[in-house]
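A short write-up of the structure that comes next.
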Amino acid sequence: MPKICVSIAAENLEQLENDLSEAQNSAADFLEIRFDFLRSSDFDEALRLADRIKSKSVYTLRDESELGKFRGNNEERTFWLTRLANAGPMLLDIEFNILRINDELMSHFKKNNTSILISWHNGKQTPNLDELRALMSKMKQMSKYIKIVTMAESIEDAISVLELYRDANDSNLIAFAMGEKGILSRVLCGLYKTAPFTYASLGSEVAPGQLSIYQMRRLYYGMFMKNGIGEIH
């Protein structure tokens with residue numbers, strides 16, 4: 001069965017504690033903790049709450065420029081990304097565009113052997129396949145874990161993003177399109193052998209077109225248990 005990572009976008013510590021408990025009860029394979037939805041004054045306590053499940057968690061501090069909620073300046077973001085890295089999560093999601101210009105962060109990650117998921121988001125459109133392939137090639141130089149997410153304006157956009165899996169090779173690629181026309185790609189990307197997981201929510205979507213873990217489980221159960229569909233190689 002494909003692995004599912006549940007996105008947790010709590011806006012306060014009480015909600016975070018409840019969401020962490022619900023996510024674990026939902027039998028999620030992994031958790032993405034969106035620190036950018038919290039106030040920075042809550043980050044230290046949030047790290048304490050997440051510590052027990054950090055070995056299967058992706059820590060994320062998404063900037064507003066890439067569909068996130070963090071509103072601090074670059075200095076504040078660098079500080080907190082360093083703190084998140086030092087906490088030792090399974091993966092730290094860090095945007096490709098940030099690492100390209102912030103040598104301090106990349107140096108810190110290398111020094112501390114931080115496992116990073118290099119991500120890139122376009123919330124307006126889906127570039128052509130050649131552009132996406134060129135982007136993926138550059139991202140591969142930074143980490144074997146890569147995430148490319150676009151906005152689908154058509155079903156063809158969603159299919160185009162999935163074609164990146166042809167060139168994934170030994171990379172762990174997560175690639176899908178957002179929006180109503182991208183929903184199919186969210187489901188199908190989890191079937192690829194090189195995809196470590198796909199994303200789902202606990203209930204309400206955290207990003208456009210995101211399904212809940214319960215919807216995803218029903219779909220995968222029907223595909224795998226009832227119809228014998230396997231991974232895409």
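The values are calculated or read from the model by the stated rules, or taken from the named source; none is laboratory data. Everything numeric here is computed off the predicted structure, so don't read it as measured data. Glycine also receives a Cβ, built like all others from the backbone with ideal geometry; neighbour counts cover every protein chain displayed.
Restricting attention to the stretch 41-67, the residues being among the aromatic types (Phe, Trp, Tyr), assigned to a helix (DSSP H, G or I) and under 17 Å from the mean Cα position of the chain (by Cα) number 0. Does Tyr165 fit the bill of being farther than 21 Å from Ser212 by Cα, of a type in the set (Phe, Trp, Tyr), surrounded by 20 or more Cβ atoms within 10 Å (Cβ to Cβ) and more than 15 Å from the chain's Cα centre (by Cα)? Yes: the conditions hold for Tyr165.
For the stretch 168-196, filtering for residues that are of a type in the set (A, V, I, L, M, F, W, C), buried (at least 18 other Cβ atoms within 10 Å of the Cβ) and either on the phi > 0 side of the Ramachandran plot or in a helix (DSSP H, G or I) (or both) leaves 5.
Going through Ser137, Ser143 one at a time, which residue ends up being under 18 Å from Ala195 (Cα atoms) and surrounded by 15 or more Cβ atoms within 10 Å (Cβ to Cβ)?
Matching residue, one of Ser137, Ser143: Ser143.
Taken together, the residues in the stretch 149-162 that are assigned to a loop (DSSP other than H, G, I, E, B) and surrounded by fewer than 19 Cβ atoms within 10 Å (Cβ to Cβ) amount to 2. When Ser21 is tested against the conditions (1) closer than 16 Å to Met90 by Cα; (2) out of contact with any strand residue (DSSP E or B) (no Cβ under 8 Å at 6 or more places or on another chain); (3) hydroxyl-bearing (Ser, Thr, Tyr), the lone failure is (1). The set of residues from the stretch 134-148 being in contact with a helix residue (DSSP H, G or I) (Cβ under 8 Å, 6 or more places away or on another chain) and assigned to a loop (DSSP other than H, G, I, E, B) comprises just one member, Met142.
Residues are listed down the side, and each one gets a yes or a no for (1) at pLDDT below 95; (2) of a type in the set (Val, Ile, Thr); (3) under 20 Å from Met139 (Cα atoms); (4) surrounded by 15 or more Cβ atoms within 10 Å (Cβ to Cβ):
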{"position": "Phe70", "(1), (2), (3), (4)": "yes, no, no, yes"}
{"position": "Asn74", "(1), (2), (3), (4)": "yes, no, no, no"}
{"position": "Leu81", "(1), (2), (3), (4)": "no, no, yes, yes"}
{"position": "Leu84", "(1), (2), (3), (4)": "no, no, no, yes"}
{"position": "Leu92", "(1), (2), (3), (4)": "no, no, yes, yes"}
{"position": "Glu95", "(1), (2), (3), (4)": "no, no, yes, yes"}
{"position": "Ile116", "(1), (2), (3), (4)": "no, yes, yes, yes"}
{"position": "Ser119", "(1), (2), (3), (4)": "no, no, yes, yes"}
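Confirm whether Thr194 is hydroxyl-bearing (Ser, Thr, Tyr) and either more than 17 Å from Phe96 (Cβ to Cβ) or without any contact (Cβ under 8 Å) to a residue 40 or more places away in the chain (or both). Here the answer is yes, as Thr194 does meet what is asked.
Entry remark, the stretch 3-40: residues being part of a loop (DSSP other than H, G, I, E, B) and either buried (at least 21 other Cβ atoms within 10 Å of the Cβ) or of a type in the set (S, T, N, Q) (or both) number 6 in total. Taken together, the residues in the stretch 115-135 that are within 15 Å of Ala168 (Cα to Cα), touching an Asp or Glu at 6+ places or on another chain (Cβ under 7 Å) and either free of Cβ contacts under 8 Å to residues at least 12 places away in the same chain or not charged (D, E, K, R) (or both) amount to 3.
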